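The structure appears below as structure tokens.
The values are calculated or read from the model by the stated rules, or taken from the named source; none is laboratory data. What you see is a predicted model, and the numbers here were worked out from it, not measured in a lab. All Cβ positions, glycine included, derive from the backbone under ideal geometry; neighbour counts span all protein chains shown.
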């Protein structure tokens, strides 16, 4: 039986991945604003920022379903369906972790972050924003690679992946430093638990961005010109 190739009239799955990555990138700014709003205690827009993240997550889910639905079995692609779905799952988990972090903040009746921890929390948030924003660039450059199989383009993709890894490592270090500071400065056990768990949730955002980069690296590492049909 003849296995169809993706034709010029068929939307590349990487178009959908890029659209999904843009939704993830959009949530980065909203997440940053939401945490700063929560920390101020006077900001009344936190719930609006939180709702905006939920909206973006819903829109990203719709894109993810569309990508899966538009890849009929037997269609040949430069990457396997399995790896493609693993990639988008990790990219989607970035959004899930953002939403989970904001939900966790909202559970505490009295909003706010201890004054002596605010700067460190903001630094941790900033550190996970960078790998989120890199995902759009990663997908964009990977799309160009799978269209050309250029060695120069492959190196560009690998360098972006290395950047994401470095950023995730920096976020890990900031997370560990903040946890040490929480235990050394805070006495209230509820505050300690709430802040430590928040650190872990924020840190997981960068973890999933790195996992997405690793999945892209696996796809790029496949033999040049190989096509997959399920």
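Looking at residue 47, is it in a loop (DSSP other than H, G, I, E, B), over 30 Å from residue 149 (Cβ atoms) and touching a residue at least 12 places away in the same chain (Cβ under 8 Å)? No, not satisfied. I'm checking my understanding of the structure. Among residues of region 28-77 that are surrounded by 15 or more Cβ atoms within 10 Å (Cβ to Cβ) and in contact with a strand residue (DSSP E or B) (Cβ under 8 Å, 6 or more places away or on another chain), which one is modelled with the lowest pLDDT? So the residue we want is 75.
Figure legend. Inter-residue proximity from region 110-127: first residues touching a residue at least 60 places away in the same chain (Cβ under 8 Å), second residues surrounded by fewer than 17 Cβ atoms within 10 Å (Cβ to Cβ) and in a loop (DSSP other than H, G, I, E, B), beta-carbon distance below 8 Å, spacing 6+ or different chains. Indicated pairs: 111/41; 112/41.
The single condition among (1) part of a helix (DSSP H, G or I); (2) surrounded by 15 or more Cβ atoms within 10 Å (Cβ to Cβ) that residue 116 does not satisfy is (2).
Residues satisfying the criterion are absent from region 8-15 (criterion: more than 15 Å from the chain's Cα centre (by Cα), assigned to a helix (DSSP H, G or I) and at pLDDT 95 or above). For the criterion of being in contact (Cβ under 8 Å) with a residue 40 or more places away in the chain and surrounded by fewer than 14 Cβ atoms within 10 Å (Cβ to Cβ), residue 197 passes.
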